[in-house]
Each structure stands twice: as structure tokens, then as C-alpha cells.
Amino acid sequence: MDNTFHKNERLCSKKQIDTLFEKGQTVNAYPIKLIYLGGRSESKTDVKAMFVVPKKKFKHANDRNKLKRRMREAYRLQKGEFYVSIGSYKLNLAILYYGNKTEEYDAIFKATAKLLNNLTKQIVTGGS
């Protein structure tokens, strides 16, 4: 699987985003929170993700954009293994940055890995 993040992998639908925030379950690993909602799918894996950094904590757009770029890159590099481990599952993901200060890429990468592993365990054991 290639390490890309195409438009069809982005969560853009307002309706799906609202449903995700209303009914989704959460997993935390500082400084990131993952909200997910999904179920079994007949087709191959269909995972859509969005990345959020709050304007309230990071006033400058360049700080928010930097953090979103770091989260996207960490997700992009780890999603191949994640897709293989969850099998045929349809998921919507919202990856939120809730830390108070800008973390380095290494911390974000480790937190993303931890979140995806925890999510995989919950899906495999039927927690969703």
C-alpha cells in the first residue's frame, strides 16, 4: 500500500462529521484525541479521517497548520499497517490536538501510533 493521503480518504461531509461528534467513541494519547465511529463493511477498508487543532488554544493559523501537517504526516506513514490490522471495516476518524503547547513531530508520531494500536485492539475485540 502506498503512503498517500488522497481526497477520498478525507472526511469532508458535514453530515458524517456531525454524526461522528454526536455518536463517536474516543481514545486518548497525549497530546492527541481520536474520535471514531464505524462498523463492518462488505467492501475493502474504507477509512476517512479529519484533523482538528482548536483556534481557541492556537490563535495563529501558522501554528494550527503546522500541527495539522505533523498529525497528517504521522497518520499517513502509519495508515498502511492500520488498514491491514482492521481488515474490512468502515471508519470515520477525527484526530484532535488537545495539548496546550506545540509538540515536536516525534511526540505526535508516537501518540498517533499508540492511538491506532488502541483503536485496532478495540475493533478486533468488538469494543465498537
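The values are calculated or read from the model by the stated rules, or taken from the named source; none is laboratory data. Keep in mind that what you see is a predicted model, and the values were worked out from it rather than measured. For neighbour counting, all protein chains shown are included, and Cβ atoms are generated from backbone atoms with ideal geometry for every residue, glycine included.
Just a few scattered comments:
- Residues in segment 84-107 that are under 22 Å from Phe21 (Cα atoms) and either of a type in the set (Val, Ile, Thr) or touching a Ser or Thr at 6+ places or on another chain (Cβ under 7 Å) (or both): Ile86, Tyr89, Lys90, Ile95.
- Total residues in segment 114-128, condition buried (at least 17 other Cβ atoms within 10 Å of the Cβ) and either aliphatic (A, V, I, L, M) or at positive phi (or both): 4
- Check on Leu116, assigned to a strand (DSSP E or B) and of a type outside the set (Val, Ile, Thr): no
- Tyr30 vs. criteria of a type outside the set (A, V, I, L, M) and either touching a helix residue (DSSP H, G or I) at 6+ places or on another chain (Cβ under 6 Å) or surrounded by 14 or more Cβ atoms within 10 Å (Cβ to Cβ) (or both): no
- Which numbered condition Thr112 misses (of (1) farther than 11 Å from Pro31 by Cα; (2) modelled with pLDDT of 95 or more; (3) in contact with a helix residue (DSSP H, G or I) (Cβ under 6 Å, 6 or more places away or on another chain)): (1)
- Taking the criterion of being under 27 Å from Ser13 (Cβ atoms), crowded, with 17+ Cβ neighbours inside 10 Å and of a type outside the set (Val, Ile, Thr), the residues of segment 88-112 that qualify are Tyr89, Lys90, Leu91, Asn92, Leu93, Ala94, Leu96, Tyr97, Ala111.
- Within segment 45-87, the set of residues being surrounded by fewer than 16 Cβ atoms within 10 Å (Cβ to Cβ), basic (Lys, Arg) and in contact with a helix residue (DSSP H, G or I) (Cβ under 8 Å, 6 or more places away or on another chain) comprises just one member, Lys55.
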